[in-house]
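Written out below as structure tokens is the structure these notes cover.
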């Protein structure tokens with residue numbers, strides 16, 4: 001049996017999944033990185049929304065309290081069209097052009113997009129390694145991803161979150177290059 005090439009980070013909200021993914025992406029800065037990360041939008045201490053940032057520098061709104069249309073998650077309305085324009089397009093391009101695909105996150109807001117679901121499946125099915133954060137709560141689509149034979153679930157905890165980025169980087173480098181070259185050093 002081959003080793004899983006898709007690494008899915010799970011854990012409670014706020015435990016450090018996104019932080020771990022960003023640290024791994026930084027360690028792998030000399031590789032062609034593709035995909036996107038989700039960041040909070042704050043006004044002072046108040047969270048007012050979420051934005052998508054691609055590794056190519058594009059930024060778009062995922063959800064915001066000021067929006068009055070679109071699917072609703074809590075106090076936020078999701079901008080599916082903007083998410084697809086920025087985030088899903090970056091994911092689709094990563095399947096073609098990246099060495100490693102980073103995906104933060106596969107969550108409730110993102111799953112309103114059918115195009116996103118299809119792009120996630122294409123990414124997991126391609127030969128490139130994927131590092132993704134996924135929601136911990138049950139969801140039929142996400143539960144199916146977690147059961148895949150080519151997926152390794154990694155729980156981020158207080159005990160492992162500081163050492164996890166280096167361990168993940170080492171594994172992704174091996175998967176991307178077929179060798180054990182070090183993190184921070186590009187493909188050989």
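Only the coordinates and a few stated rules stand behind these numbers; no lab work does. Small disclaimer: the values here were computed from a predicted structure and weren't measured. When we count neighbours, we look across all protein chains shown, and the Cβ atoms used for this are built from the backbone with ideal geometry, even at glycine.
From Cα pairs below 8 angstrom and at least 6 apart in sequence, can you work out the relative contact order of the chain, rounded to a whole percent?
31 percent
When the scattering of the chain is computed by the Debye formula from its Cα atoms alone, each counted once and equally, what is log10 I(q)/I(0) at q = 0.13 Å⁻¹?
-0.64
Could you give the angle, 0 to 90 degrees to the nearest 10, between helix 114-125's Cα long axis and the longest principal axis of the Cα atoms of the chain?
Result, in degrees: 10.
Please determine, in degrees from 0 to 90 and to the nearest 10, the orientation of helix 164-177 with respect to the longest principal axis defined by the Cα atoms of the chain, where the helix direction is its Cα long axis.
Its long axis makes an angle of about 60 degrees.
When you count, for each residue, the other Cβ atoms within 10 Å and take the mean per peptide, how do 39-51, 70-82, 5-17, 86-98 rank with the highest first?
Order by mean packing, descending: 86-98, 5-17, 70-82, 39-51.
If I model a spin label at residue 174 and residue 75 as a point 7 Å from the Cα along the Cα→Cβ vector, what separation in nanometres do I get?
Those two pseudo-labels are separated by 4.5 nm.
Cα axis of helix 17-27 to longest principal axis of the chain: angle in degrees, 0 to 90, nearest 10?
The helix 17-27 is inclined about 50 degrees to the chain.
Fully extended, how many nm does the chain gain between residue 58 and residue 85 (0.36 nm per residue separation, minus their Cα-Cα distance)?
Once the chain is fully extended between residue 58 and residue 85, it gains 8.7 nm.
Estimate the FRET efficiency between residue 152 and residue 30 by the formula 1/(1 + (r/R0)^6), using the beta-carbon distance for r and 41 Å for R0, to the nearest 0.05.
Approximately 0.95, to the nearest 0.05.
With a Förster radius of 25 Å, plug the Cβ-Cβ distance of residue 160 and residue 45 into 1/(1 + (r/R0)^6) and report the FRET value to the nearest 0.05.
0.30
Largest first and in whole Å, what are the equivalent-ellipsoid semi-axes of region 69-148 based on the Cα gyration tensor, each being the root of 5 times an eigenvalue?
Ellipsoid half-lengths, sorted descending, are 21, 16, 9 Å.
So which residue, out of 158, 62, 172, gets the largest mean-square fluctuation from a GNM of the chain using Cα contacts under 10 Å as springs?
Of 158, 62, 172, the most mobile in the Gaussian network model is 158.
Please order 102, 112 by the number of other Cβ within 10 Å, starting at the fewest.
Neighbour counts put them in this order, fewest first: 112, 102.
Test of understanding: ordering 109, 135 by Cβ neighbours within 10 Å, fewest first, what list do you get?
Ascending Cβ contact count within 10 Å gives the list 135, 109.
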